[in-house]
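Here is the structure we will look at, set down as structure tokens.
The values are calculated or read from the model by the stated rules, or taken from the named source; none is laboratory data. The structure presented is a predicted model; accordingly, all values stated were derived computationally and were not measured. Backbone-built Cβ (ideal geometry, glycine too); neighbour counts: all protein chains shown.
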Amino acid sequence: MFDALAQPFFQRALIAGLLASLVCGIVGTFVVVKRISSISGGLAHAAFGGVGLGYVLGINPVVGAAGFALLTSLGIGYAYRRQRQSLDTLIVVCWSVGMALGITLIALTPGYAPDLMSYLFGSILFVDARYLMAVVALDVVLVLFVVAFYRRLQAVVFEEEFAEIAGIGVNRYLLMLLALIALSTVILMRVVGIIMVIALLTMPAVVARNWSGSLVRMMVLATLIGAVCTTVGLFVAWYVDAGYGLDVPAGPLIVLVTALVYGGDWLLRLGRS
């Protein structure tokens with residue numbers, strides 16, 4: 001363990017995982033309570049279209065993913081409020097078209113896309129200082145957003161009709177929430193990848209919901225669970241590589257550890273019932 005901590009790249013990866021856990025704890029709580037996991041999954045996979053757009057335009061694919069995901073979040077948010085009967089169809093369209101568009105654009109881009117797999121399955125062991133600063137900035141925005149609008153957000157995620165009667169701008173806060181989810185999925189791409197980001201957003205929050213009596217406690221517990229799972233996943237990846245020479249990506253291992261915690265929580269509650 002101490003050998004791993006002595007490596008600068010592992011230190012950055014560990015810090016990135018802990019910072020990303022706060023994103024999972026806050027955003028994941030809203031996703032689970034609001035029951036919009038399918039929307040989050042659609043945003044995560046639609047972001048891949050922005051990755052392909054970034055390769056075509058010659059800009060940072062993360063910037064392209066962020067812009068594409070934000071635009072998609074606005075479209076899904078409008079449909080969620082105006083056309084709920086067709087929302088599932090829209091999510092499937094965004095999900096599939098985003099992935100298909102990304103793959104097509106990357107295929108049309110001259111040369112080879114060396115970082116493609118990192119966007120699909122994560123590359124937390126290769127994060128740099130700029131990525132850490134981006135996660136810090138997102139964490140600060142999330143905390144300030146929740147602190148400033150906690151009561152209104154609580155009303156929106158638990159009971160939209162009551163929030164509308166109380167004069168709360170449900171559309172505005174829902175769109176802001178979806179925009180933060182979109183940015184969070186892009187940030188978490190480097191941790192577990194687009195394909196598995198929805199698992200990291202939802203599973204810690206679901207476990208935390210079973211043991212929390214308030215939204216704030218759920219956020220805190222989900223953050224702690226995410227931090228533990230991310231840390232354990234990183235050390236397991238280091239151990240199997242250093243001890244057995246197996247180059248297993250850290251992102252999938254983090255998700256598998258999170259799934260074990262989720263399954264253990266289910267078994268524990270099943271035994272108590």
Residue hits (region 4-41; within 28 Å of Ser96 (Cβ to Cβ), part of a helix (DSSP H, G or I) and not β-branched (Val, Ile, Thr)) are Ala20, Cys24, Gly28, Phe30, Lys34, Ser37, Ser38, Ser40, Gly41
By residue number, the members of region 119-130 that are crowded, with 19+ Cβ neighbours inside 10 Å and more than 15 Å from the chain's Cα centre (by Cα) are Leu125, Val127
Residues Ala65, Ala44, Ala79: which one is surrounded by 15 or more Cβ atoms within 10 Å (Cβ to Cβ), part of a helix (DSSP H, G or I) and without any contact (Cβ under 8 Å) to a residue 12 or more places away in the chain?
Ala79
Filtered residues of region 129-183 (kept if farther than 30 Å from Gly193 by Cβ, charged (D, E, K, R) and assigned to a helix (DSSP H, G or I))
Arg151, Arg152, Glu160, Glu161, Glu164, Arg172
Qualifying helices (runs of 4 or more DSSP H) (wholly inside region 189-273; at least 3 residues being closer than 17 Å to Gly41 by Cβ and modelled with pLDDT under 90):
197-209
Thr185 being at pLDDT 90 or above and surrounded by 24 or more Cβ atoms within 10 Å (Cβ to Cβ)
no
Which of the numbered conditions does Gly77 fail, given that it passes all the others? Conditions: (1) closer than 18 Å to Leu180 by Cβ; (2) at pLDDT 85 or above.
(2)
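Surrounded by 20 or more Cβ atoms within 10 Å (Cβ to Cβ), aliphatic (A, V, I, L, M), in contact with a Pro (Cβ under 9 Å, 6 or more places away or on another chain) and more than 29 Å from Val51 (Cβ to Cβ): does that describe Leu153?
no
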For the list (1) over 24 Å from Gly67 (Cβ atoms); (2) free of Cβ contacts under 8 Å to residues at least 40 places away in the same chain, I need the number of the one condition that Ala137 fails.
(1)
Out of curiosity, is Thr29 closer than 27 Å to Ala250 by Cβ, surrounded by 15 or more Cβ atoms within 10 Å (Cβ to Cβ) and either of a type outside the set (A, V, I, L, M) or in contact with a strand residue (DSSP E or B) (Cβ under 9 Å, 6 or more places away or on another chain) (or both)?
yes
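Going residue by residue through region 188-206, is there one that turns out to be of a type in the set (A, V, I, L, M) and farther than 21 Å from Gly226 by Cβ?
no
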